[in-house]
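Step one of this worksheet: look at the structure below.
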Amino acid sequence: MRYLPHTIEDISSMLNVIGTKNLDDLFSIIIGDCRRKTGMDLPLPLTEWELERLMGNLAGSTAVSPEYRMFIGAGRYEHHIPASLSYLLGRSEFVTAYTPYQPEMSQGTLQAIYEYQTLISRFLGMETANASHYDGAAALAESLLMAVRITRKKRVALSALIHPLYRRVVQTYFEPTGYEIITFPYLENGKTDLSPLEKIDDIACVAVQSPNFFGCIEDLKRAAEKTHEKKALFVTCFTEPIAYGLLKNPGIQGADIVSGEGQSLGIPMSFGGPGLGILAGRTKHIRSMPGRLVGKTKDRNGKRGFVLTLAAREQHIRREKATSNICTNNSLCALTAAIYMATLGGSGMQKLARLNYDKSEYLKNELKKAGIKTTFDSPTYNEFVVKFPCGFEKTYNHLLEKKIIAGLPLARFYPELAGHSLLCVTETKTKNDMDEFVRKVKS
Amino acid sequence: MNRYPGATGLILNEPLLWEKGKKGRCAFSLPQSDVESSPINKELVADDVDLPDLSKIEVIRHYTRLSQWNFGVDTGMYPLGSCTMKYNPKINEKLASLKGFSLAHPLLPSDFTQGVLELMFELEQLLAEITGTDAVTLQPAAGAHGELAGMLIIYACQKSKGMRRSKIILPDTAHGTNPASAALCGFHPVPVKSDEKGILSVESIADIMDEDTAGIMVTNPNTLGLFEENIKEIAQIVHEKGGLVYCDGANANAVMGLVDMGEIGIDLLHLNLHKTFSTPHGGGGPGSGPLCVKKELEPFLPVPRIVKKDGKYLLSEDFPDSIGKMQAFYGNFAVMIKAFCYIRSMGAENLEKASRLAVLNANYIKEMLKDVFYLPYDRPCMHECVFSDKLQKKDRVITLDIVKRLMDYGFHPPTIYFPLVVPGAIMIEPTETETKEEIDLFIDACKSVVQEAKEKPENLLDAPEHCKVTRLDEAAAARHPCLTG
C-alpha cells in the first residue's frame, strides 16, 4: 500500500530492536477480551484510478452551477473564487501543518492569522477578532456565552430573524446551562421587533442579525442604543459578510460582539462545511473571549514575530474554567478569507458589494414589474422574500425542471410564510439569468 | 549536521499585508455590471472599507513567502504526540474539490444532492464498523466539538430517565479539552490519578463512581500512549451505577481493527478525521470530529440524520429526542470526502496494518531512545511514547531547549509538557507513514542534541538558529496583547 512505507526487512529489523517476534506481540497488553475477535468488514481497497471514478460518479449526481442556476442563499452563498486563491491554498506548508504550537516553525500560519484578525476587525469596525470558530452558528453560540460570562446575567434575547438554524445551534449549546433564551418577534416590515426589550431587565445581551434572514437591513444603531440602555451587551450576527463592503459595519453602529459566517469570503459552499466562524469584540473583553488568538511579539534579536497568546483562557491551561473547549478551529478557512480580502482590497470589496446589491435589486424590481409581490418592504441586501402567485409548489417545481433553483421555501422555518420563498442573487448571476428566471416565473 | 534535513537557506522577508500595496489596486477580476445601479439610502452606506489594496503579484508573493516560513508534514517528520501527523494523500485533496461537491448547496431538495448524501451515509457506516459502534453523526466540526456533542448526549439521555447528575470522572491522562467540554454541559470534573503503570486501576474508579456521577471520559489509548487494560471492568462499574462511558478517540490510530470499542464497554466516542483518517490539519483546522454511539444513544444524535428510504437518501429531522444541532448545516463535508477516500483506498487490511505499523514505529523509537531520555513508564506503548528531560537536568537544559534544537536538525518537535502527569514531558508520535530511514535520522538527531547538551549546552539554549525567527517572547505577548495591526 502506497501510504505504508515499511518493507518486510524494515519490520523485522525494528521488531528485533524491540525484542518481539512479530507485530502481533506488540499488542500483548490488549488482553484477550479487549481484542477485536473478527476483522473489519469494509469494502476492498481501491486504486487511485478506481477511486477517481467512484468519486466522479458521486459528484456527478449533484445539482450545481453552471448547469443549474441557483437563486438560493440562506447561509451559503455562491460567489466567484479567484484561481489564485485555490492555488495559494494548495501550498502544503499551510495545509499539512498543525496548530502553531511551535511558533519558530509556524511563522507563516501565525502572521497570516494575525493579518486575518486585523483585516476582520477593520472590516467589521471592531477592535479585535479571534483566530476563527467552526461556523457562524457556533460563533454566535460562543458569543452569547461570552456575553453571559462578562455580564454574569443568565438571560439572552435573540431576534427571530437570526438564521433559524443558528438559533437551533444556540438552543443546543444552552440546553444544559439553565440560561434563558428569549426570542423577539419580527414586524410587518421584515425587521426585528425590539419593543419587548422595554419590559425586560437583567439581560446579558440582545442579538440581532443584519442583513437578517429575510435579507432586510436592520437598524443596528437604534438596537444598540436600546440594548445599552438596559446595560446589556449588543451582539450582532451576519451570514453574508460581503454586505459590509457596502453597508455601515456593526462596529460603527455600537456592536459589542460581532459573530458571523465567513463562507462568502472565498470558501466554497461544500454542502455547508467547512465554513468560517467569525468572532470579533472589544479589547476590554479580550480575556473573556473564546478561541485561539495570535499576538505580536519579538524574538531574542528584537525581530518581529507572532505567537498564540492569552492561552490562560484556554482549555489546555484553564481546564474546566476555560472560556471555551475549542482546540482545532477553522484556521485554513481564516487564511482563505484573509487571502480573499487581500485580493479584493477595500476598493474591490466596495465594488463587488455594490454589484451584488444592484443585481439583487434588479431581480427584485423585475419580479415586481411582473406582478410578483415582495413580502417585506424594508431595504434588503442580496436576499429578499417573495410570494409566488398561483401556488408556490407548482412554480418552484416548474422552475426546478428548467434547472432553476427558485430560492428557499420558507414554510419549514416560518410556517406563517407558507408559499413564500427567500431568493438570493450574487455577482455570479447575469442579467440574462435573471430575465429568464422572471420569464419562467410568469409562464 | 550535514546529513540532517535542517539547513540554512534563503529566508525572504515579507512585511505585513497593509505595509504593502497602493490605494486603487485590485487583484480580483470584477465582473462588469450588466444591470443599472439601483439607489440606496445613504444612511445605510459605509464611507469607506478599511482593507489594503494590492495587486495580484503582491498577494501571490506575500502568501508564498509566508508559506515558506511554515513546516508541515510534507516538509518533514512531524512527530507531534496525540496529533497523528500522518501523510495527507493528495488525490483526496483533488477529489474533495470536484465541482459536484464544492459547489453543492446545503439547502437543495435531497433529490438534487444524492451523491453527497450517499457519501455521508456510507462514511457513517464505515466509521461504525471500524469502531464497533452502532450509529454515527458526522456533524461535529472537530474533536472537542465531538466531545461536546457526546456530553450533551449523556446529559440528554440521563435527563430522559429523570436523572440530573453533577459529576464526571476525568483521568489525569485524558486529553486537555475534556474538562472544558464536560464543564460546558454543567458537569463538574472529578479528577482521578493513573496508577504506577500509567493506567487506570479498577479500584480507583470503584472508589469514586457514585449515583451523582454521569460517567467517565477516558482517552484510550491514553495520553501516555498506553492502552487502558482495565477498561472493560471500569466500564462495568460505571454502568452498574447508571453512568455512561465516553471515549476520546483521538488516539484511535493505534487500534483500528484491533479493538472493538463497543465490545469493551464504550458507549460513545469521537474520532478525529484530521488525525486517524489522514485529512490535513490546515494549521489548526478545519477538522471533523464524528461521534460514534451505541444503539441506546442513537435517538439523541444531532439532526438532521441521513436516512435511506426506498433506495434514496434523505435528511430527516424526525428524531424527537435529538440534542439538536451542533452547527448550522451537516458538518465539515469537504473534510469527510477526504476521510472517505482514505478509508476506501486503504480497506480493512491496510487500516489494521497502519495501526500495527504506527505502534511498531513508536515502540522502536521508545527502545532506541530510552537510554537517551528518561522513560517514566517502561512498558510496551501504543502509537506514541512519552519521555522526559529528567536525565538532562544535570546539563541545565530543559525539554523546551531540547526540542527547539531539534528544529535546527529539520524536525518538527514532539508535543511537550503534556501529559501533565509527566513533568517536562516529550511525547513522540511518529505515525505509520514515516520510513525507517527518516525515523533513524530523527533518533540520531535526538542523540546528537543530547550530546550537544553535555558538550555545548549553549547550542540548545540559543536554538533555534535556522528558523525565520529565534525564540519568541511569549510572556511579553500575553502581558501586553497586540492582536491586530
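Values quoted throughout were computed directly from the atomic coordinates according to the rules given, and no laboratory measurement underlies them. Values in this document were obtained by computation on a predicted structure and should not be read as measured data. Cβ sites come from the backbone with ideal geometry, for glycine too, and all protein chains shown count toward neighbours.
Quote the relative contact order of the stretch B:92-344 in percent (integer), defining contacts as alpha-carbon pairs under 8 Å separated by 6+ residues.
Relative contact order of the stretch B:92-344: 28 percent.
What FRET efficiency would be calculated for the residue pair A:LYS431, B:LYS90, taking the C-beta separation as r and a Förster radius of 35 Å, to the nearest 0.05?
Once rounded, the FRET efficiency stands at 0.30.
Would you please classify the overall shape of the protein assembly as shown from the alpha carbon gyration tensor, given that a ≥ b ≥ c denote the square roots of the eigenvalues, rounded means a/c under 1.5, and beyond that prolate means a/b larger than b/c while oblate covers the rest?
Working: a/c = 1.64, a/b = 1.44, b/c = 1.13.
It is prolate, given that a/c is not under 1.5 and a/b is the larger ratio.
Against the longest alpha carbon principal axis of chain A, how many degrees, from 0 to 90 and to the nearest 10, is the axis of helix A:48-60 turned?
It is inclined by approximately 20 degrees.
Among the trypsin sites (Lys or Arg not before Pro) in the stretch A:194-270, which ones are in a DSSP loop with at most 12 other Cβ atoms within 10 Å of the Cβ? Mind listing them?
Sparse-neighbourhood loop trypsin sites (Lys or Arg not before Pro): A:LYS231.
Where the convex hull is taken over the Cα atoms of the stretch B:92-344, what is its projected area averaged over directions, in nm²? Each step should come with its number before you reach the end.
Values: hull surface 52.9 nm².
Answer in nm², one decimal: 13.2.
Residues of B:134-144, mean number of Cβ from any other protein chain within 10 Å of their own Cβ, rounded to a whole number?
3
Determine, for B:ASP378, B:ASP462, the number of other Cβ atoms within 10 Å of each Cβ, and report the residues in order from fewest to most.
B:ASP378, B:ASP462
Long-range amide H contacts for A:GLY273: which residues qualify at under 5 Å (H placed 1.01 Å from N, peptide plane, sequence gap of 5 or more or a different chain)?
When sequence neighbours closer than 5 places are left aside, the close amide H contacts are B:PHE333, B:ALA334.
In the neighborhood of B:ASP48, defined by Cβ-to-Cβ distances under 15 Å, what is the net charge if each Lys or Arg adds +1 and each Asp or Glu adds -1?
+3
In peptide B:347-353, what is the residue-averaged number of other protein chain Cβ atoms found within 10 Å of each Cβ?
Partner Cβ neighbours, averaged per residue: 6.
Taking 0.36 nm per residue of sequence separation and subtracting the Cα-Cα distance, how much length would be gained by fully extending the chain between B:LYS312 and B:SER160, in nm to one decimal?
Here the answer is 51.5 nm.
Please compute the contact order of chain A in relative form: average sequence separation of alpha-carbon pairs under 8 Å and at least six residues apart, divided by the residue count, as a percent.
The normalised contact order for chain A reaches 20 percent.
Provide A:HIS398, A:HIS163, A:HIS133 in ascending order of the number of other Cβ atoms located within 10 Å of each residue's Cβ, fewest first.
Result, fewest neighbours first: A:HIS398, A:HIS163, A:HIS133.
By count of other Cβ within 10 Å, fewest leading, how are A:HIS80, A:HIS6, B:HIS62 ordered? Can you show the working numbers first?
Numbers: A:HIS80 14, A:HIS6 21, B:HIS62 24.
Exposure proxy ranking, most exposed first: A:HIS80, A:HIS6, B:HIS62.
Distance from the Cα centre of the stretch A:302-320 to that of the stretch B:458-479, in angstrom?
The stretch A:302-320 and the stretch B:458-479 have Cα centres separated by 15 Å.
Please find the FRET efficiency linking A:ARG35 to B:SER33, where r is the Cβ-Cβ separation and R0 is fixed at 41 Å, and quote it to the nearest 0.05.
On the way: r = 67 Å, r/R0 = 1.63.
With R0 = 41 Å, the Cβ-Cβ based efficiency is 0.05.
If a helix is a whole DSSP H run, which ones in chain B reach 20 Å or further along their own axis (Cα) and hold a mean Kyte-Doolittle hydropathy of at least -0.5?
The answer, listed by residue number, is B:114-131, B:143-160, B:333-369, B:436-455.
DSSP beta bridges in the protein assembly as shown, what fraction antiparallel, as a percent rounded to 5?
Bridges in the protein assembly as shown that DSSP calls antiparallel: roughly 60 percent.
Be a star and scan the stretch B:1-17 for residues whose amide nitrogen sits under 14 Å from the point 7 Å along the Cα-to-Cβ vector of B:ASP444.
Residues passing the 14 Å test: B:1-6.
Within the set of other residues whose C-beta is less than 15 Å from the C-beta of A:MET289, count the net charge using Lys and Arg as +1 and Asp and Glu as -1. Don't skip to the answer; put the middle values down first.
Values: positive: A:ARG149, A:ARG282, A:LYS284, A:ARG287, A:ARG292, A:ARG313, A:ARG318, A:LYS321; negative: A:GLU127, A:GLU142, A:ASP256, A:GLU314.
Residues close to A:MET289 contribute a combined charge of +4.
For B:THR415, what charge total do you get from the other residues with a beta carbon under 10 Å from its beta carbon, if Lys and Arg give +1 and Asp and Glu give -1? Intermediate values should be presented prior to the final figure.
Values: positive: none; negative: B:GLU384, B:GLU429.
Local net charge: -2.
Relative contact order of chain B, please, whole-number percent, based on alpha carbon pairs below 8 angstrom and at least 6 residues apart.
Working: 870 pairs, mean separation 93.4, N = 485.
Relative contact order of chain B: 19 percent.
Please work out the FRET efficiency for the pair A:LYS21 and B:LEU420, using the Cβ-Cβ distance as r and a Förster radius of 41 Å; give the result to the nearest 0.05.
My answer for the efficiency is 0.70.
Could you work out how far the C-alpha centroid of the stretch B:92-133 sits from that of the stretch A:95-122, in angstrom?
Their Cα centres are 30 Å away from one another.
When the Cα centres of the stretch A:213-234 and the stretch B:241-259 are compared, how far apart do they sit, in Å?
46
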